[in-house]
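Notes for the one structure printed next.
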Amino acid sequence: MRLSDSFIAAWQPRVLGLLRLAAAFLFMTHGLQKIFGFPTPRASETILFSLSGIAGLMELIGGALLLVGLFTRPVAFLLSGQMAVAYFYAHAPQGFWPLLNRGELAAVYSFVFLYFAVAGPGAWSLDGVLRSRASTVSNAPLGRDAVRTRNDYVARRTAP
């Protein structure tokens, strides 16, 4: 069964938005655990200005920004880099295969966030709301020229 192009065009931004929401929520929980010990405390306390503490802040704040879809592309790019560093710093030295070095989640997050950096936020994002408001404001009529219609423009252009 082949999906129609109109179906794909209609659902692509929605599914991208759902992926952003799910990934951001799940990612944010890692920051919640590092910073607040929620939903379960870590084995050792996180020092805020350590590598783990900075990572926790990035996960918590970046995850929240992705969740609401604000500054999606730059935030996703930074988080993609963070997860790549996490993989090569913490997981890769333990072995080549991600399944064995327990780095598959960091690798997947890195590539998913890289995709968001390129594709954007999808549906249901503050970026989309701000973009639509900005285009509405830039297309808003100004002054007395705003009452001209298309017919006025055509008549003025074709007049001798």
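The values are calculated or read from the model by the stated rules, or taken from the named source; none is laboratory data. Note that this is a predicted model, so its numbers are computed, not measured. Here Cβ is always computed from backbone atoms with ideal geometry, including for glycine, and neighbour counts include all displayed protein chains. For the accessible areas, the whole protein counts, side chains as well, though only heavy atoms, and no ligand, DNA or RNA atoms are used. Shrake-Rupley method; radii C 1.70, N 1.55, O 1.52, S 1.80 Å.
Out of Arg73, Arg102, one residue alone is within 16 Å of Asp127 (Cβ to Cβ) and of a type in the set (D, E, K, R). It is Arg73.
Residues in the range 101-139 that are at positive phi and open to solvent by less than 60 Å² (accessible area, probe 1.4 Å): Gly120, Gly122. Sort through Gly56, Gly95 and tell me the only one that's out of contact with any Gly (no Cβ under 8 Å at 6 or more places or on another chain) and farther than 30 Å from Arg131 by Cβ. Of the residues listed, the single one that is out of contact with any Gly (no Cβ under 8 Å at 6 or more places or on another chain) and farther than 30 Å from Arg131 by Cβ is Gly95.
Among residues of the range 46-60 that are within 17 Å of Ala24 (Cα to Cα) and free of Cβ contacts under 8 Å to residues at least 60 places away in the same chain, those with a Cβ under 8 angstrom from a residue that is open to solvent by 50 Å² or more (accessible area, probe 1.4 Å) and of a type in the set (S, T, N, Q), sequence gap 6+ or separate chain, pair up as Gly56/Gln33.
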